[in-house]
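One structure below.
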Amino acid sequence: MIIGGKEFNTREHCYVMGILNVTPDSFSDGGKWNDVDRALAHVEQMLEDGMDILDIGGESTRPGYTLISNEEEIGRVVPVIEAVKKRFDVPISLDTYKADVARAGVEAGIDLINDIWGLKYPGEDAKNTMASVIAASKLPCCLMHNRPSAEYNSFYDEYMQDMREILKIADAAGIDKDKIILDPGVGFAKSYENNLECIKRLDSLQELGCPVLLGTSRKSVVGLTLNLPSNERVEGTLATTVVGVMRGAAFVRVHDIKENVRAIKMTEAILKV
């Protein structure tokens, strides 16, 4: 897969997507990087630590988050995207589920669109869809599993059916399958047990024919398991990264770059013997 002019061998290696939240209210780092100079300094450190892709988000999606306008989100992310593009040679992903924000990101030079609603945001304008923006941009995308609520009769069967529906929507919109990454959506519309099952059975997503991204960094599934606050969940996150690599994850989306890079390197060395 080509992202930002760089080739990613998603069958042989797990790559690290670094999280840059330019928000005042993200669950673990809100307010730390919502200034361009501080954001750039953090990007530089993440690159030194081994980051492969930068994921920029302008709206918190933690439980109970505050919805902001398209204009406010664009105002947060576009200056940072433009500043990073000028200073660093790193593929940039934009974390948004809003078509207008994604379009502004494309114009600012992003290389990948990361949609936490997997083309199915309930409040989307039927005449201005994320699917149409991605298709027109010809950019790769990461499409995540999500639902308005965690209500299932048979969780895993319905979860996999939801993922197949995402691929059908993408195909109907003209998005090439070889440009799609799938994300199981750990922490979104799932119970604690559902989240553990998604991680454990991550390899089943590969049956759908797309690379898989695992995003568990500092999330509640780690906090609930270890009874720890968000700033003490590095080790728990690393455990999920190791399992992800063993289950074939092509990407992990994380806050703590250096630690995850090392965990991936060690895990892959063992697996290749």
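A few points about this structure:
- THR61 being within 13 Å of the chain's Cα centre (by Cα), at pLDDT below 95 and open to solvent by 10 Å² or more (accessible area, probe 1.4 Å): yes
- Count of the stretch 85-120 residues, restricted to those that are among the β-branched types (Val, Ile, Thr) and buried (at least 24 other Cβ atoms within 10 Å of the Cβ), is 5.
- Against the numbered list (1) among the β-branched types (Val, Ile, Thr); (2) crowded, with 17+ Cβ neighbours inside 10 Å; (3) modelled with pLDDT under 90, THR66 comes up short only at (2).
- Reported count of residues in the stretch 148-182, each being surrounded by fewer than 20 Cβ atoms within 10 Å (Cβ to Cβ) and part of a loop (DSSP other than H, G, I, E, B), is 9.
- Taking the criterion of being in a loop (DSSP other than H, G, I, E, B), at pLDDT 95 or above and open to solvent by 20 Å² or more (accessible area, probe 1.4 Å), the residues of the stretch 31-58 that qualify are ASP49, GLY50, ASP52.
- Residue match in the stretch 243-255 (condition: of a type in the set (Lys, Arg) and on the phi > 0 side of the Ramachandran plot): no
- Selection count, the stretch 226-273, where residues are under 17 Å from ASP55 (Cα atoms), part of a helix (DSSP H, G or I) and open to solvent by less than 10 Å² (accessible area, probe 1.4 Å): 2
- Taking the criterion of being crowded, with 23+ Cβ neighbours inside 10 Å and β-branched (Val, Ile, Thr), the residues of the stretch 215-225 that qualify are THR216, VAL221, VAL222.
- Of note, LYS138 does not satisfy the criterion of being under 25 Å from LEU202 (Cα atoms) and open to solvent by 30 Å² or more (accessible area, probe 1.4 Å).
- Qualifying positions in the stretch 106-125 - part of a loop (DSSP other than H, G, I, E, B) and closer than 16 Å to ILE3 by Cα: GLY109, ILE110, ASP111
- GLY185 vs. criteria in a loop (DSSP other than H, G, I, E, B), open to solvent by less than 30 Å² (accessible area, probe 1.4 Å), touching a Leu at 6+ places or on another chain (Cβ under 8 Å) and not hydrophobic (A, V, I, L, M, F, W, C): no
The values are calculated or read from the model by the stated rules, or taken from the named source; none is laboratory data. Keep in mind it's a predicted model, so treat the numbers as computed, not measured. Cβ atoms come from the backbone with ideal geometry, glycine included; neighbour counts cover every protein chain shown. Accessible surface is based on the protein model in full, side chains and every heavy atom, while ligands, DNA and RNA are left aside. Shrake-Rupley method; radii C 1.70, N 1.55, O 1.52, S 1.80 Å.
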